[in-house]
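Below is one structure, written out as structure tokens; the observations come after it.
All of the numbers you see were taken from the coordinates with simple rules; none came from a lab. None of these values were measured; they are calculated from a predicted model. Here the Cβ positions follow ideal geometry from the backbone for every residue, glycine too, while neighbour counts run over all protein chains shown.
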Amino acid sequence: MTSEPLKFIADAMLGRLARWLRMLGYDVSYESSISDDVLIASALNEGRIILTMDRKLTERESAKNSMLVNSPSYKEQLKQVITQYNIDYKSGIFMRCLVCNRLLESIEKEKIKDRVPPYVYSTQDEFDICQQCGRIYWSGTHRVKMLKMLDEILK
């Protein structure tokens, strides 16, 4: 029996953590301004783990499935979440839109010719697109930098 993949909801103080967890392929709901009551209701309705720096929120009876994030540093936050939930941080990497959280889909190179810089088009063969926001992703130097940063964080 396989368990459901982890899903998170991050409070307003954890936007950078949300982006990094999305980079790892995790479904992370995030809004820059959300009330505690709406956050908790969304977490309950959608089966999400609440990530928060608000101790009072984690002490609420309705927020049982929550984790108190200890550090203001996104690197330490990421390390804490990965450790706490024993996350395999390389299996789903670069599968989600960092902006809107949707799973990415492959798109034929010819279809995005006018939407990426000419150098990128000439040097890359594989592209992914977010069908929700239209953002296009490819394997460039930014991915290498992100992987290096991830390795440094998790030392």
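A few remarks follow.
- Reachable aspartates and glutamates from Lys109, criterion Cα separation under 19 angstrom, eight or more residues apart if same chain: Asp125, Glu126, Asp128
- Filter on Lys56/Lys79; Lys7/Lys148; Lys7/Lys90; Lys7/Lys145; Lys79/Lys145 - keep pairs with C-alpha separation over 27 Å: none
- Tail fraction, Cα-Cα pairs, the chain, threshold 24 Å, whole percent: 39 percent
- Close amide-amide hydrogen proximity is noted between Lys7 and Ile49, each under 5 Å apart and 5 or more residues distant or on a separate chain (H modeled in the peptide plane; Pro and chain starts excluded).
- Only Cα pairs under 8 Å and 6+ residues apart enter the sum, and on that basis the relative contact order of the stretch 7-84 stands at 31 percent.
- Sequence-distant contacts, meaning Cα pairs under 8 Å at least 6 residues apart, place the relative contact order of the chain at 20 percent.
- FRET efficiency, Glu46 to Asp151 (Cβ-Cβ, R0 25 Å, nearest 0.05): 0.20
- Between Leu44, Leu104, Leu21, the residue with the greatest mean-square fluctuation in the GNM of the chain (Cα pairs under 10 Å linked by springs) is Leu44.
- Spin-label pair Arg143/Thr123, simplified geometry with 7 Å Cα→Cβ offset, distance in nm: 1.4 nm
- P(r) weight above 15 Å for the stretch 105-153, C-alpha pairs, percent: 48 percent
- Rounded to the nearest 20 debye, dipole of the stretch 7-84 from Cβ charges on Lys, Arg, Asp, Glu: 340 debye
- Size of electric dipole in the chain: Cβ of Lys, Arg +1 and of Asp, Glu -1, about Cα centre, debye, nearest 20: 420 debye
- Label-to-label distance, nm, for residues given as Lys79 and Arg60 (7 Å Cα→Cβ offset): 3.0 nm
- Ranked by the mean number of other Cβ atoms within 10 Å of their residues, highest first, the peptides 69-79, 142-152 come out as 69-79, 142-152.
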